[in-house]
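In what follows, a single structure is set out as C-alpha cells and then discussed.
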Amino acid sequence: MRPDGGAASGKRRRTLVLDSGAISAGKPLDHEGVLYAPPAVVDEFQPGGRSRRALDYLLEAGLRVIPPTPAALGEVEEAASRTGDLPKLSGADLEVLALARDVQGIVVTDDYAVQNVAARLNLPFEAILQPGITEQITWSYKCRGCGKQYATLAKECAVCGSEVRAVKGK
Ligand SMILES: [Zn+2]
C-alpha cells in the first residue's frame, strides 16, 4: 500500500462505481470507499423488489447517485463501438463506464463486455464474483452462412438470412 504522506486519515479512500450486479450481489463493499452509481442503474431496482434492500442499504451508507457527463458518455460509446461491445451494453452499462471516467473511479462489474470496454478506456475494474477478463477482446460480427462481416450485431444476414454471431477479432 502506498504511504499516505503520514496524514492521520489513514487508508486512501477508493472511488468505486457500481453496476446493478455489484449492488444486488450484496457483497460487503469496501466501507473505506466512496461509492457511486448512475441513475440508470438505480432505476433498475423496483421499490419492494428483492434487491431493493441492498440498494437502500447502500443509499443510507452514502452511495452517491449522479449522472455521467455527455462528454464521457460519448467517449464510452466510441470505445464500445471500436471493441464491438456496443450492441451488448445497456444504457445503464454505458452510464457506469462514463461515470467511472468522470469520477476517476474503479468499475465494479461482472459483465465481461463492460470490463472489456473499461480496459480499452484504461479504466480500472474489479469483478464481484467472477474472475475478471484477462485479455482485451475486439468483437466483430460475422454471418454463419456466407461469412459476411458486419460492424454491429444484426438479427440476420442481409445477404443470405443466416444467423449473425459475435466472433473474437484479432
Ligand atoms: Zn450471410
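Each value in this text was obtained by applying a stated rule to the coordinates, not by laboratory testing. On a predicted model such as this, the values are computed, not experimentally measured, just so you know. FYI the Cβ positions are ideal-geometry reconstructions off the backbone, even for glycines, and counts take in every protein chain you see.
Looking at the chain alone, DSSP beta bridges between its own residues are antiparallel in about 45 percent of cases.
What ranking do 108-114, 141-147 get when scored by the average of other Cβ atoms within 10 Å per residue, highest first? Before the final figure, lay out each step's value.
Values: 108-114: 23.0, 141-147: 15.3.
The most tightly packed comes first, giving 108-114, 141-147.
Distant-in-sequence amide contacts of residue 139, defined by a placed amide H-H separation under 5 Å and a gap of 5 or more residues or a different chain, comprise 84, 85, 169.
The count of lysine pairs in the chain that are at least 8 places apart or cross chains, and whose C-alpha atoms lie under 27 Å apart, stands at 14.
Highest average first, the peptides 16-22, 87-93 ordered by how many other beta carbon atoms sit within 10 Å of their residues are 16-22, 87-93. Applying both filters, DSSP loop and at most 16 other Cβ atoms within 10 Å, to the GluC sites (Glu not before Pro) of region 95-170 gives 135. The radius of gyration of the Cα set in region 73-170, together with its Dmax, comes out at 14.5, 46 angstrom.
More than 17 Å apart: what percent of Cα pairs in region 42-83 qualify? When all Cα pairs of region 42-83 are counted, 52 percent exceed 17 Å. As a ratio to 2.2 N^0.38 Å, the alpha-carbon radius of gyration computed for the chain takes the value 1.18.
Backbone amide hydrogens, once placed in the peptide plane, bring residue 17 within less than 5 Å of 36, 106, 107, 108, excluding anything fewer than 5 places away on its chain.
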